[in-house]
Amino acid sequence: MAYSREIVEKAQGIIDERRMKAEDINRQRTAEMMISCPEIYENEMRVRGTFFRLMNEMLTKKISDPGVLERIESDRTAALEFVRKSLREKGYPEDYLDTPYTCPKCRDRGVVEGRRCECMSELLRRLSVESQGGEATVRRFIEARTDIYATPQDREHMKKLIDYLKRYCDDVAQSKASRSLLFHGSTGTGKTFLSQCIASELRERGFAVCFGTAYEFFKAIEDQRFKNADGDTENTMLSCDLLIIDDLGAEFRTSYTESVLYNIINTRTEHARQTIISTNLSIDDLRKRYNERITSRLTGTFTTIPFPGNDIRLRLQSV
């Protein structure tokens, strides 16, 4: 997947900052041992000096002696065992003097043997998702109000729905099988708000959530396809942990955007990646607007959730 220069530079900056922080912690801990536990410090220096001792042996051509390597390795092992045992006895973790890299595999450099490390790939993916749709709006389920719905039946429906969506977040976070969701109802009935609640909840649990309106998504995809704009919105939508498309039906619809929409829905369904779509259209209106391939996916593989009532924002103004 191609990433913009801005995202790559931001990711490398984060990786570099992780490495510098880890190495600074290691320097502080080493200095602490030098003062408080000289024996631990001296043996730790023996461990760290193994590489230089080997290089010195190679340069002085003593490496031909078959016993040299064994003696150096034996000395290193004994010193390491002393350090770990002594640290445990003094109440420290035995790896206290190891550099606490976020990714030990690449030692927070982002590259392993000339190839991009998994940690860098994951970071690039997350930054790409976060950049899609701009600054994320943080919403909480605790902020949701059911008292502003007009009828007792609507209020009870929304209470049950909020509880269901909380459980849905738990299921997604625990990798339990959860179907994708289709929110449908009139304008201003809470679809976007509850979608934002889900997005905020799962982002805080470390999930890459891609949130935006259908208009924003498909405008970006068309600009990248036909105007060489930066970014790869379609791949971001395909690969994120949770995709939320708000206000489906408000986008400028073309045969191209329809094919992209089907590809996104179909691919994510086949890979068991959850998608949440909200629309002001009824199910019948969706069938009239979109082709049968799209609507059969939406009605057959998504759990459809109706949002009752009329625009609650008007009621909020009078409360």
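The values are calculated or read from the model by the stated rules, or taken from the named source; none is laboratory data. Quantities reported herein were computed from a predicted structural model and do not represent experimental measurements. Using ideal geometry, Cβ is built from the backbone for each residue, glycine included, and neighbour counts are taken over all protein chains shown. Remember, those area values only see protein heavy atoms, side chains included, never the ligands or the DNA or RNA. Shrake-Rupley method; radii C 1.70, N 1.55, O 1.52, S 1.80 Å.
Descriptive notes on the structure:
- Candidates GLY231, GLY188, GLY206, filtered to the one that is on the phi > 0 side of the Ramachandran plot and surrounded by fewer than 18 Cβ atoms within 10 Å (Cβ to Cβ): GLY206
- For the range 274-289, a residue qualifies if it is closer than 29 Å to ARG203 by Cβ and either open to solvent by 10 Å² or more (accessible area, probe 1.4 Å) or free of Cβ contacts under 8 Å to residues at least 12 places away in the same chain (or both), and the qualifying residues are GLN274, ASN280, LEU281.
- Index of the failed condition, SER86 passing every other in (1) outside any helix (DSSP H, G or I); (2) touching a residue at least 24 places away in the same chain (Cβ under 8 Å); (3) not hydrophobic (A, V, I, L, M, F, W, C): (1)
- Residue under evaluation GLN153, criteria (1) in contact (Cβ under 8 Å) with a residue 12 or more places away in the chain; (2) surrounded by fewer than 16 Cβ atoms within 10 Å (Cβ to Cβ); (3) more than 25 Å from THR279 (Cβ to Cβ), criterion not met: (3)
- Selection count where residues are surrounded by fewer than 19 Cβ atoms within 10 Å (Cβ to Cβ) and touching a helix residue (DSSP H, G or I) at 6+ places or on another chain (Cβ under 6 Å), scope the range 298-307: 1
- Test: residue in the range 179-187 that is in a helix (DSSP H, G or I) and within 30 Å of SER4 (Cβ to Cβ): no
- Residues that are open to solvent by 70 Å² or more (accessible area, probe 1.4 Å), farther than 27 Å from ALA79 by Cβ and touching a residue at least 40 places away in the same chain (Cβ under 8 Å) were ranked within the range 7-43; the one that is nearest to the chain's Cα centre (by Cα) is LYS10.
- Subset of the range 193-229 [among the acidic types (Asp, Glu) and under 17 Å from the mean Cα position of the chain (by Cα)]: GLU201, GLU204
- Within the range 90-101, residues that are more than 17 Å from MET34 (Cα to Cα) sit with their Cβ atoms under 8 Å from residues that are open to solvent by 60 Å² or more (accessible area, probe 1.4 Å), at 6+ positions apart or across chains, in these pairs: TYR101/ARG18; TYR101/ARG107.
- For the range 243-256, a residue qualifies if it is out of contact with any strand residue (DSSP E or B) (no Cβ under 6 Å at 6 or more places or on another chain) and surrounded by fewer than 18 Cβ atoms within 10 Å (Cβ to Cβ), and the qualifying residues are ALA250, PHE252, ARG253, THR254, SER255, TYR256.
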